[in-house]
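Below is one structure; the comments refer to it alone.
The values are calculated or read from the model by the stated rules, or taken from the named source; none is laboratory data. This structure is a prediction, so every number in the text was calculated from the model and none was measured. Reconstructed Cβ throughout: ideal geometry from the backbone, glycine too, with neighbour counts over all protein chains shown. Surface areas here come from the heavy atoms of the whole protein model, side chains and all, with no ligands, DNA or RNA. Shrake-Rupley method; radii C 1.70, N 1.55, O 1.52, S 1.80 Å.
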Amino acid sequence: MELPLGQCHDSRSWDDDSDPESETDSDAQAEAYVARVLSPPKSGLAFPRPSQLSTPAASPSASEPRAASKVSAVSEPGLLSLPPELLLEICSYLDARLVLHVLSRVCHALRDLVYDRVTWRLRALHRVRAPYPVVEEKNFDWPAACIALEEHLSRWAEDGRRAEYFCLANGHLAAIDSVLLLQGGSLCLSGSRDRTVNLWDLRQLGTEPSQVLVKTLGTKRNSTHEGWVWSLAAQDHRVCSGSWDSTVKLWDLAADGQQFGEIKTSSAVLCLSYLSDVLVTGTYDKKVAIYDPRASPALLKCQQLHSRPVLALMADDQHIISGSEDRTLVVVDRRANRVLQRLQLDSYLLCMSYQEPQLWAGDNHGLLHVFVNRNGCLQLVRSFDVGHSFPITGIQYSVGALYTTSTDKSIRVHVPTDPPRTICTRKYDSTLSRVCAEGNLVVAGSGDVSLEVWRLPA
């Protein structure tokens with residue numbers, strides 16, 4: 001799938017051009033959206049499964065440099081008299097955290113060996129036995145990556161047999177379309193088509209269901225919004241929920257989940273990004289808007305960046321990246337207040353996960369795409385078939401782990417190598433929506449009204 005790089009210097013600004021849509025039936029609009037956007041592609045329009053788009057990195061066994069010898073010569077026989085290759089082999093049987101944080105304090109010789117960047121590169125590549133990472137930056141943190149990889153592989157070893165599974169089915173009356181883990185995985189929020197946002201205490205997993213479900217946010221009985229809840233985002237203890245009722249509601253978990261604000265948008269809110277200073281929304285009426293929840297009025301900027309609904313977005317201090325049903329990916333420079341780039345794709349992106357400078361995204365053909373952000377210009381570096389046959393609805397990427405969910409009723413656990421290696425697959429009776437992983441917890445929303453939770457070994 002060869003994608004154009006697009007223009008990187010589109011000088012158009014994106015000042016406010018908002019115009020509220022005429023009132024519509026939010027439920028009917030939402031049902032039509034789901035039928036159109038989340039349905040698998042027609043068989044006659046099958047998208048070709050990708051071959052590798054660029055030459056993969058050399059196999060770690062091919063020409064990988066060996067760690068330089070930094071162990072001082074000793075006159076007395078002992079551990080330090082061993083060749084560095086043998087010392088590294090011994091260290092490979094020890095936990096990576098112990099090697100980095102304990103062994104490095106034993107003596108200067110071991111410290112030098114442990115702090116050698118090549119040592120950790122060799123160890124990581126030996127563990128995954130595949131090109132890794134997909135995009136390597138100049139200052140890539142190999143020790144941290146190695147620790148994360150080993151932890152992920154250990155937790156999901158033997159097809160995830162050590163993972164505890166919990167099905168929380170007592171909180172919602174309709175499909176769950178958004179999930180969000182908070183406080184290191186201690187708490188979880190879930191948003192549903194039953195118009196509610198539930199707060200769960202996952203520290204109580206395994207106890208009575210009534211102890212796990214803390215409360216439903218909002219003061220109305222059995223209702224948080226007046227439409228389907230489609231998106232959630234958080235900033236510290238403040239969280240927000242976006243709905244098909246064209247509102248974003250703000251909640252303070254430090255104040256027992258009390259509502260502290262509400263923003264009326266021009267259309268249904270399909271995606272959110274909550275930063276320390278602003279809230280960014282992508283809406284059904286093709287617009288991306290920036291709000292300051294502390295101000296009145298809250299709207300700062302609004303622009304129709306797409307010709308179809310905005311399905312996914314992410315934002316940081318410098319850029320806003322939005323994907324739409326019109327099969328475009330747009331990059332906006334927040335500081336210069338202008339569009340930097342507009343990429344035309346062969347499919348539309350339904351979900352994104354960003355760790356600078358990599359953007360991982362899942363599309364409506366069940367494919368995974370990896371972009372690299374170079375000063376506001378996105379470049380597609382890889383596209384992968386990770387085994388999903390229907391649209392990918394959720395993705396969570398980190399340097400050591402990769403999770404995907406799909407309307408094919410499965411969640412897949414991968415190692416983020418090139419290409420990703422699937423180490424565990426779980427099939428269910430209903431479609432799975434967003435996925436979120438934090439700490440040793442993984443959660444996903446289900447179409448059969450349950451919150452799916454996996455608690456991994458700590």
*In straight Cα distance, which aspartates and glutamates are under 20 Å from residue 220, not counting same-chain residues fewer than 8 positions off?*
27, 194, 245, 252, 256, 262
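Rounded to the nearest 0.05, what FRET efficiency is calculated for residue 169 and residue 458 with R0 set to 25 Å and r the Cβ-Cβ distance? Could the numbers behind the result be given before it?
Working: r = 25 Å, r/R0 = 1.01.
That gives a FRET efficiency of 0.50.
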_With θ taken as phi - 60° and the coefficients 6.51, -1.76 and 1.60, list the Karplus ³J(HN,Hα) couplings across region 321-331 in order, rounded to whole Hz; mark glycine and proline as x._
10, 10, x, 9, 5, 7, 6, 10, 10, 10, 10
*Using r as the Cβ-Cβ distance of residue 93 and residue 186, and R0 as 45 Å, what FRET efficiency do you calculate, to the nearest 0.05?*
0.85
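Per residue, how many Å² of accessible area does region 407-455 show with a 1.4 Å probe?
Working: 1470 Å² over 49 residues.
For region 407-455, the solvent-accessible area averages 30 Å² per residue.
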*With label points built 7 Å along Cα→Cβ from the Cα atoms of residue 141 and residue 81, find their separation and express it in nm.*
3.9
*Simple spin-label model, 7 Å along Cα-to-Cβ: residue 203 to residue 318 in nm?*
3.8
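Can you compute the FRET efficiency between residue 28 and residue 108 using 1/(1 + (r/R0)^6), with r the Cβ-Cβ distance and R0 = 56 Å? Round to the nearest 0.05.
After rounding to 0.05, the efficiency reads 0.20.
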*asked:* For the ranges 408-417, 24-33, what's the packing order if you count other beta-carbon atoms within 10 Å of each residue, average per peptide, and put the highest first?
replied: 408-417, 24-33
*Label residue 162 and residue 236 with points 7 Å out from Cα along Cα→Cβ: what is the distance between them in nm?*
3.6
*asked:* Give me the extension gain from residue 335 to residue 422: residue separation times 0.36 nm, minus the current Cα-Cα distance, reported in nm with one decimal.
replied: 27.4 nm
*Along the charge dipole of the chain, Cβ charges K/R +1 and D/E -1, which of 205, 246, 109 sits furthest on the positive end?*
109
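Ranked from the most accessible area to the least, with a 1.4 Å probe and all protein chains present, what is the order of 176, 423?
Largest to smallest exposure gives the sequence 423, 176.
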*In percent, how large is the relative contact order of region 211-319, given Cα pairs closer than 8 Å and 6 or more residues apart?*
18
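Using packing as a proxy for protection, rank 268-276, 203-211 so that the peptide with the highest average count of other Cβ atoms within 10 Å comes first. Write out the running numbers ahead of the final one.
Details: 268-276: 21.6, 203-211: 11.8.
Ranking the peptides 268-276, 203-211 by packing returns 268-276, 203-211.
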*So which lysines pass the test for residue 138, namely a Cα distance under 29 Å, with those fewer than 8 places away in the same chain ruled out?*
70
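Working out 0.36 nm times the residue gap between residue 223 and residue 346, then minus their Cα-Cα distance, what length gain in nm do you get to one decimal? Intermediate values should be presented prior to the final figure.
Details: separation 123, 0.36 × 123 = 44.28 nm, distance 3.87 nm.
Full extension of this stretch gives 40.4 nm more.
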*Give the carbon-plus-sulfur fraction of the accessible surface of the chain in %, rounded to a whole number; probe 1.4 Å, heavy atoms of protein chains only.*
49
*Give me the lysines in straight-line cross-link reach of residue 301: C-alpha distance below 17 Å, same-chain residues under 8 apart excluded.*
264, 286, 287
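Relative contact order of the chain, please, whole-number percent, based on alpha carbon pairs below 8 angstrom and at least 6 residues apart.
Values: 1113 pairs, mean separation 79.7, N = 458.
Rounded, it is 17 percent for the chain.
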